[in-house]
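First comes the structure, then the notes that go with it.
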Amino acid sequence: MINKISFKIGMLFFVFILFVEILLFVILYLNLANTQANEVMDNLLARGNTHRDVLEDHFNASTIDHVGMMESASDFTVVITDPNGNVIVDSNHIEAEMKAVIQKALQNPIQSDGEIISSNWKENQYIASNSIIMTGNEVKGHVFMFAETNKIKHVLNEMGKQFKLIGLLTFIITIVTIFILSKLITVPLIRMKKATENIQKEKGELPLDIKRKDELGVLARTIKELAEDLTHLKTERNEFLSSISHELRTPLTYIKGYADILSRREINKTDTLKYSTIIKEEAEQLSILIKNLFDLAKVDQHNFVINQEWILLDQIIQSVIRRMKPAFDNKNISVVVQCPENLKVYIDNARMQQVFINLLDNAQKHSLHNTSILLKVVEHKRSLEIIIQDEGEGIPNEEVPKVFNRLYRVEKSRSRMNGGSGIGLAITKEIIESHGGNIKMESELGKGTKVIITLPKDEK
Ligand SMILES: Nc1ncnc2c1ncn2[C@@H]1O[C@H](COP(=O)(O)OP(=O)(O)OP(=O)(O)O)[C@@H](O)[C@H]1O
Ligand SMILES: [Mg+2]
């Protein structure tokens, strides 16, 4: 419960409201209390002063009685004394606290002819004022006025009750809020948790509300996409693994078979040479395959580093073709190169050579005798295009998009005979893409294949 996000948010809400309430309460309470008390005191003093004014003009028994009578009907108490504090008249019973206040006032030196002498309404039962009756310079007596502080306290008490009520209301609202929040926030979160668990256990539908328009919706959609990616990756990995095991098994079967022959039978020298050559070739094939797989693994781990430098493109092309000349000559294939002589490009030398070798090797393998292969480089404003076109057997339309997949071969048996494992184009694609370019293939069955590479022209 305590760890639930709805509870946390609810608590935060509650504490915040409580804080605001207490702050408001304190400010309001202090303000109201003081205003209230000040008002009563002003009133009290004004009344005392009025009585005094009257008594200064007519300081006689009937006026004094009259004042006493007037106040007996009011909320206040008046006490009129002579200069020594002897009570001449009072409107109500004189409490002990009143007596004490009067005594104290008489002991203190007179400061003005009318003042508040007891203002502590919080602790005392009365607040009091003292107005001095003077004729000329002679003190004739005092008009003491008292007002009960109960009334002020009562008002403030009422206010306190109101605030408590509001506090209770806040508490109830908070509980309701926590409940609503838990519906609004926790439920989708719990669903997401459930969904990720399902993904982990690889089972069931994902109970996600992906139509929500808020952040939770975004999160739900992301989780769903992740789940799809994961499923895709898993199938891809399984397919890849089964292809690899197949690829590894085939040459190993050959190697094992020929090794068996070599060890068991009495065979002549020429056959021994023949079989051991096959074994050697298959082993070489295997080690190339493993190297390529290793390269692909590096791509996946983002360890595929390319070291770019400025290089004359024509030079790499010529060097690759020189190296591959025996293969072309074998089939009497002519390679036509059209590349601007001094075109410098910012590329990884070794990797780019690998690209040309892969593509020219494919073209050569799938071309008939006495045909030609065109390698054309076209320079555009911001990019350059490398086209490798053969007049070979071509690829069926529906297969074209798949040839860049790892270990994908169009005609499995025939390609194997050629020594292909279906990794060349996958690696080529990775290399081109890590140079910031892209590669595509167009092919027509029986007419030939065209590979088009686009590389960005670096202005550095
Ligand atoms: N120029 C081409 N003409 C016809 N088919 C092609 C051509 N290039 C590629 N292919 C087809 O695409 C498949 C994949 O090519 P890729 O270069 O990836 O693999 P591979 O040549 O079989 O083996 P590897 O290059 O790993 O030795 C080939 O097996 C082949 O069927
Ligand atoms: Mg190839």
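The values are calculated or read from the model by the stated rules, or taken from the named source; none is laboratory data. Everything quoted here is computed from the prediction, not taken from an experiment. Using ideal geometry, Cβ is built from the backbone for each residue, glycine included, and neighbour counts are taken over all protein chains shown. For the accessible areas, the whole protein counts, side chains as well, though only heavy atoms, and no ligand, DNA or RNA atoms are used. Shrake-Rupley method; radii C 1.70, N 1.55, O 1.52, S 1.80 Å.
Details
- Spin-label zone in region 276-299 - amide nitrogen under 19 Å from a point set 7 Å from the Cα of Lys256 along the C-beta vector: 276, 278-287, 290
- Separation between Cα centres of region 1-62 and region 301-332, rounded to whole Å: 92
- Listed by chain and number, the lysines placed with their C-alpha closer than 19 angstrom to that of Lys203 are Lys193, Lys194, Lys224, Lys234; residues fewer than eight positions away on the same chain are left out.
- Shown here is the pair-distance distribution of region 76-151: with all Cα-Cα distances grouped in 5 Å bins from zero up to the longest one, the shares run 3, 16, 31, 26, 15, 6, 2, 1 percent.
- Taken along the Cα-to-beta-carbon direction at a fixed 7 Å, the label points for Asp329 and Leu219 span 6.9 nm.
- Folded to 0 to 90 degrees: helix 150-181 orientation relative to the chain principal axis, Cα: 10
- Packing-based ranking, highest mean first, of 99-105, 75-81, 340-346 given that Cβ atoms within 10 Å are counted: 75-81, 99-105, 340-346
- Segment Ser372-Val139, extension gain: residue separation times 0.36 nm, minus the distance between their alpha carbons: 70.2 nm
- Other-chain or far-sequence residues with amide H under 5 Å of Val403's (modelled H): none
- Spin-label zone in region 202-235 - amide nitrogen under 12 Å from a point set 7 Å from the Cα of Asp300 along the C-beta vector: 233-235
- Each peptide in 146-156, 63-73 was scored by the mean count of other Cβ atoms within 10 Å over its residues; highest first, the order is 146-156, 63-73.
- With Cα atoms, 0 to 90° folded angle of helix 61-72 axis to the chain main axis: 30
- Charging the Cβ of each Asp and Glu at -1 and of each Lys and Arg at +1, and nothing else, the dipole of the chain about its Cα centre rounds to 3660 debye.
- Accessible-area value, His93, 1.4 Å probe, nucleic acids and ligands omitted, Å²: 140
- Label zone (Arg322, point 7 Å along Cα-to-C-beta; backbone nitrogen cut-off 19 Å) within region 336-378: 336-345, 349-358, 360-361, 375.
- Cross-link reach list, lysines versus Lys153, counting only Cα pairs under 25 Å and skipping chain neighbours closer than eight places: Lys99, Lys104, Lys122, Lys161, Lys164
- For Glu433 and Tyr29, the difference between the fully extended length at 0.36 nm per residue and the C-alpha to C-alpha distance is 138.2 nm.
- Simple point charges give the picture: +1 on the Cβ of Lys and Arg, -1 on the Cβ of Asp and Glu, and for region 300-456 a dipole about the Cα centre of about 260 debye.
- Region 194-317 shape via C-alpha gyration tensor axes, a/c threshold 1.5: oblate
- With N counted as the residues of the chain, its alpha-carbon radius of gyration over 2.2 N^0.38 Å works out to 2.29.
- Computed from label points 7 Å out along Cα-Cβ, the spacing between Leu226 and Phe171 is 4.1 nm.
- Share of carbon and sulfur in the accessible heavy-atom surface of the chain [1.4 Å probe, %]: 56
- Gain on full stretching of the segment that runs from Lys447 to Thr272 - 0.36 nm per residue minus C-alpha separation: 58.8 nm
- Region 175-209-region 265-293 distance, computed between alpha-carbon centres (Å): 59
- Förster-model FRET efficiency, 56 Å R0, Ile210 and Ser62, C-beta, rounded to 0.05: 0.05
- Restricting attention to region 254-367, the count of lysine pairs at 8 or more positions apart or across chains with alpha carbons under 19 Å apart stands at 6.
- Label-point gap, in nm, between Gln162 and Lys203 - each point 7 angstrom along Cα→Cβ: 6.1
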